[in-house]
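Colleague: Attaching a single structure in structure tokens format; questions to follow.
The values are calculated or read from the model by the stated rules, or taken from the named source; none is laboratory data. Keep in mind that what you see is a predicted model, and the values were worked out from it rather than measured. Virtual Cβ from ideal backbone geometry, glycine too; neighbours counted across all protein chains shown.
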Amino acid sequence: MTKTGAGVLHIRNLSVSFQSGHELVRAVNTVNLTVKPGEILGLIGETGCGKTVLGMAILRLLHPDTLISGEIVYNGTNLLALGEEEMRQIRGGGIGMVLQNSVTSLNPVVTIGRQIAESVELHQGCTGDAARSEAVRLLKEVGISDPETGYDAYPHEFSGGMNERVMIAMALAGNPSFLIADEPTTGLDTPVKNRIVSLLQDIGRKRSMLFITHDLAAAARICDRIAVMYCGEIVECGSTADLLSGPLHPYTRGLIGSLPQRGFSPISGMSPSLINAPPGCRFSPRCDRCHECCREHHPPLQEISNGRYVRCLFHD
Ligand SMILES: Nc1ncnc2c1ncn2[C@@H]1O[C@H](COP(=O)(O)OP(=O)(O)OP(=O)(O)O)[C@@H](O)[C@H]1O
Ligand SMILES: [Mg+2]
């Protein structure tokens with residue numbers, strides 16, 4: 001998987017829906033995104049906006065009944081057209097993923113090292129001492145200070161932050177060129193969170209990464225570009241510096257305004273349902289600059305300048 005252009009991902013017109021009784025939950029709606037080689041793209045948005053569904057769709061980890069359309073092109077191959085065996089090779093080997101809340105999936109009665117070694121065996125095909133030394137190397141790579149001792153520890157002997165590092169090590173076990181990290185800092189206190197984010201930054205220097213988070217401050221620290229998701233759609237995308245210094249979408253402005261250093265003022269109202277989204281702009285019920293036409297016309301995602309996209313008829 002390490003070839004020219006390795007780690008480049010193009011998501012084109014991706015829609016993901018779930019049948020829920022008689023209703024259709026439209027979790028992801030015609031999303032277009034690109035992650036360039038060696039880039040960290042942040043995907044931010046409130047709870048329930050579709051971030052995890054999007055991440056899991058990339059690796060085809062959703063239930064087979066899920067309705068998925070569009071294209072997910074990784075290194076020139078549309079993943080949605082691959083057979084299950086080819087997809088298995090992509091998972092871990094090409095694209096690694098740290099699943100949201102995955103720390104809870106660590107087996108409490110198997111040592112940390114053995115669990116990582118199992119991932120190494122699965123993805124690299126090596127066994128025995130070779131798998132063990134690769135697991136130790138991975139523990140070192142993710143910043144476990146004494147990896148030989150750490151190998152023999154059980155999950156309950158590690159702190160939350162150390163176990164999160166273990167999940168990152170497992171995601172790296174196949175030496176992927178692309179990493180999807182889904183909320184890897186949830187539940188950690190600020191200093192630990194900051195150290196994990198720094199680790200992701202180091203990892204991102206060698207690989208491409210999709211960093212899924214609702215923590216704009218964390219995304220701002222390490223992402224080259226940020227895509228803002230609202231109610232299943234991308235509403236703004238641009239370089240981190242541009243987006244933070246001059247947000248174009250009212251929702252992005254609201255997210256920035258809710259940062260502690262910007263006064264902590266939350267966006268009023270709640271995200272609309274993904275079953276019956278408003279017909280016009282999905283943010284219009286919460287937008288303080290909403291015009292009549294915003295309630296009627298669903299705005300397209302427009303390219304405002306090179307690499308700068310916004311979905312708002314009255315953007316700044
Ligand atoms: N299997 C499913 N069946 C029906 N609806 C689902 C299913 N999986 C997810 N959803 C819905 O899809 C929407 C998006 O969920 P998702 O988990 O992607 O949100 P998220 O942005 O990751 O939120 P969070 O920040 O809380 O992790 C939610 O409304 C969720 O209820
Ligand atoms: Mg999620």
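Colleague: Looking at Glu164, Glu183, can you tell me which residue is within 16 Å of ligand 1 (Cβ to nearest atom), at positive phi and among the acidic types (Asp, Glu)?
Modeller: Details: Glu164 fails: at positive phi.
One residue alone meets the criteria, Glu183.
Colleague: State whether one or more residues within region 145-161 are free of Cβ contacts under 8 Å to residues at least 40 places away in the same chain, out of contact with any Leu (no Cβ under 7 Å at 6 or more places or on another chain) and buried (at least 17 other Cβ atoms within 10 Å of the Cβ).
Modeller: No: region 145-161 contains no residue that is free of Cβ contacts under 8 Å to residues at least 40 places away in the same chain, out of contact with any Leu (no Cβ under 7 Å at 6 or more places or on another chain) and buried (at least 17 other Cβ atoms within 10 Å of the Cβ).
Colleague: Counting just the residues of region 38-63 that are on the phi < 0 side of the Ramachandran plot and of a type in the set (D, E, K, R), which one comes out farthest from ligand 2 (Cβ to nearest atom)?
Modeller: So the first thing to find is which residues in region 38-63 are on the phi < 0 side of the Ramachandran plot, and the list is 39-44, 46-47, 49, 51-59, 61-63.
Adding the requirement that they be of a type in the set (D, E, K, R) leaves 39, 46, 51.
Numbers: Glu39: 21, Glu46: 10, Lys51: 5 Å.
Filtering first and then ranking leaves Glu39.
Colleague: Please state which one of Asn32, Asn78 is in contact with an Asp or Glu (Cβ under 6 Å, 6 or more places away or on another chain) and away from ligand 2 (no atom under 16 Å from the Cβ).
Modeller: Details: Asn32 fails: in contact with an Asp or Glu (Cβ under 6 Å, 6 or more places away or on another chain).
Checking each option against the conditions leaves just Asn78.
Colleague: Looking at region 209-228, can you tell me whether even one residue there is surrounded by 15 or more Cβ atoms within 10 Å (Cβ to Cβ), within 16 Å of ligand 2 (Cβ to nearest atom), touching a residue at least 12 places away in the same chain (Cβ under 8 Å) and polar (S, T, N, Q)?
Modeller: Looking through region 209-228, at least one residue is surrounded by 15 or more Cβ atoms within 10 Å (Cβ to Cβ), within 16 Å of ligand 2 (Cβ to nearest atom), touching a residue at least 12 places away in the same chain (Cβ under 8 Å) and polar (S, T, N, Q).
This table checks each residue for (1) surrounded by fewer than 20 Cβ atoms within 10 Å (Cβ to Cβ); (2) in contact with a Leu (Cβ under 6 Å, 6 or more places away or on another chain); (3) within 25 Å of Ala173 (Cβ to Cβ).
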| position | (1), (2), (3) |
| --- | --- |
| Ser15 | yes, no, no |
| His22 | yes, no, no |
| Glu46 | yes, no, no |
| Gly50 | no, no, no |
| Leu54 | no, no, yes |
| Ser69 | yes, no, no |
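Colleague: Which of the numbered conditions does Arg91 fail, given that it passes all the others? Conditions: (1) under 18 Å from the mean Cα position of the chain (by Cα); (2) within 16 Å of ligand 1 (Cβ to nearest atom); (3) at pLDDT below 95; (4) closer than 30 Å to Leu139 by Cα.
Modeller: (2)
Colleague: Taking region 146-196 as the search range and keeping residues that are among the hydroxyl-bearing types (Ser, Thr, Tyr) and outside any helix (DSSP H, G or I), which one is nearest to Thr111 (Cα to Cα)? So that I can check it myself, show each step before the final result.
Modeller: Start the filter on region 146-196 by keeping residues that are among the hydroxyl-bearing types (Ser, Thr, Tyr), which leaves 149, 151, 154, 159, 177, 185-186, 190.
Then drop every residue that is not outside any helix (DSSP H, G or I), which leaves 154, 159, 177, 185-186.
Values: Tyr154: 5, Ser159: 14, Ser177: 27, Thr185: 22, Thr186: 23 Å.
The extreme case among them is Tyr154.
Colleague: Which one of Leu62, Leu43, Leu33 is of a type outside the set (D, E, K, R), touching a residue at least 24 places away in the same chain (Cβ under 8 Å), within 11 Å of ligand 1 (Cβ to nearest atom) and not in a loop (DSSP other than H, G, I, E, B)?
Modeller: Exactly one residue qualifies, and that residue is Leu43.
Colleague: Looking at region 88-105, is at least one residue out of contact with any helix residue (DSSP H, G or I) (no Cβ under 7 Å at 6 or more places or on another chain), more than 16 Å from ligand 2 (Cβ to nearest atom) and over 30 Å from Arg221 (Cα atoms)?
Modeller: The answer is yes, given that some residue of region 88-105 is out of contact with any helix residue (DSSP H, G or I) (no Cβ under 7 Å at 6 or more places or on another chain), more than 16 Å from ligand 2 (Cβ to nearest atom) and over 30 Å from Arg221 (Cα atoms).
Colleague: In region 281-316, which residues are crowded, with 16+ Cβ neighbours inside 10 Å and more than 27 Å from the chain's Cα centre (by Cα)?
Modeller: Listed by number, the residues that qualify are Cys290, Cys294, Leu313.
Colleague: Quick check on this structure: which one of Pro184, Pro176, Pro191 is more than 16 Å from ligand 2 (Cβ to nearest atom) and touching a residue at least 60 places away in the same chain (Cβ under 8 Å)?
Modeller: Among Pro184, Pro176, Pro191, only Pro176 is more than 16 Å from ligand 2 (Cβ to nearest atom) and touching a residue at least 60 places away in the same chain (Cβ under 8 Å).
Colleague: Would you confirm whether any residue within region 46-59 is modelled with pLDDT under 95 and more than 16 Å from ligand 1 (Cβ to nearest atom)?
Modeller: No, the conditions are met nowhere in region 46-59.
Colleague: Also, quick follow-up: Yes or no: Leu259 of a type in the set (A, V, I, L, M, F, W, C) and surrounded by fewer than 21 Cβ atoms within 10 Å (Cβ to Cβ)? Walk me through how you get there before you give the answer.
Modeller: Working: of a type in the set (A, V, I, L, M, F, W, C): yes; surrounded by fewer than 21 Cβ atoms within 10 Å (Cβ to Cβ): yes.
Against the criterion (of a type in the set (A, V, I, L, M, F, W, C) and surrounded by fewer than 21 Cβ atoms within 10 Å (Cβ to Cβ)), Leu259 qualifies.
Colleague: Tell me, which residue of region 229-242 that is among the aliphatic types (A, V, I, L, M) and crowded, with 21+ Cβ neighbours inside 10 Å is nearest to ligand 1 (Cβ to nearest atom)?
Modeller: Initially, region 229-242 is screened for residues among the aliphatic types (A, V, I, L, M), giving 229, 234-235, 241.
Next, only the ones that are crowded, with 21+ Cβ neighbours inside 10 Å stay: 229, 234-235.
Working: Met229: 7, Ile234: 13, Val235: 13 Å.
Looking at the filtered set, the residue picked out is Met229.
So that you can scan it fast, the table gives a plain yes or no per residue for (1) away from ligand 1 (no atom under 16 Å from the Cβ); (2) under 17 Å from the mean Cα position of the chain (by Cα); (3) on the phi > 0 side of the Ramachandran plot; (4) modelled with pLDDT under 95:
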| site | (1), (2), (3), (4) |
| --- | --- |
| Ile68 | no, no, no, no |
| Glu85 | yes, no, no, yes |
| Val103 | no, yes, no, yes |
| Val110 | yes, no, no, no |
| Ala117 | yes, no, no, no |
| His123 | yes, no, no, yes |
| Ala131 | yes, no, no, no |
